[in-house]
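Just below is one structure, and these are the notes that go with it.
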Amino acid sequence: MEILNCLRKFVIVKEFEILDLKIFQGGFYIKVKVILKGNSKLYIREYVDTEERDYSYHWQDAEGNLIIRWDNAPHHKNLTTYPHHKHYKDGRIEESFETTCERILSEISKLLNRQNS
């Protein structure tokens, strides 16, 4: 499964736990809790079948405060990346080009590297 392979390859991932996994003909549903370096957490939820993909990647600090959430809930139609968007802790909502585990973890890696430099 692509998500699990993705989690195994990023050095910022300290550990992860599969909270729910359902595999069915033509798709799957997965929920994962990821502990990142610095003890922030990333909660992943994806549903994929032959006709749709719904996802949410919710990144929060060690105290449980939102940092960024990437999702494709069908609102914010004004964004050019609709339905893909991201929510920030200050309430901003922006376009999102990060729509996969790999791209989201790459973005988090960059942000964590900036914080630590």
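A cut-off under 12 angstrom between Cβ atoms defines the neighbours of Y43, and their net charge, with Lys, Arg +1 and Asp, Glu -1, is +1. For the chain, the fraction of 1.4 Å probe accessible surface lying on carbon and sulfur atoms is 48 percent.
The helix-based estimate of mean residue ellipticity at 222 nm for the chain, built from -39,500 (n - 2.57) per DSSP H run of four or more residues and divided by its residue count, is -6000 deg cm²/dmol to the nearest 500. Solvent-accessible surface of the chain, taken per residue with a 1.4 Å probe and all protein chains present: 59 Å². For every other residue with a beta carbon closer than 9 angstrom to the beta carbon of D20, add +1 if it is Lys or Arg and -1 if Asp or Glu, then tell me the sum. So the surrounding residues net to +3. Subtracting the Cα-Cα distance of L4 and D54 from 0.36 nm times their residue separation leaves 16.3 nm of extension gain. Can you give the local net charge around E102? Use residues other than it whose beta-carbon is closer than 11 angstrom to its beta-carbon, Lys and Arg +1, Asp and Glu -1. Value of the local net charge: -1.
The values are calculated or read from the model by the stated rules, or taken from the named source; none is laboratory data. Owing to the predicted nature of the structure, the values given are computational and were not obtained by experimental measurement. Virtual Cβ from ideal backbone geometry, glycine too; neighbours counted across all protein chains shown. The protein model used for the area step is the full one, side chains on, heavy atoms only, and it has no ligands, DNA or RNA in it. Shrake-Rupley method; radii C 1.70, N 1.55, O 1.52, S 1.80 Å.
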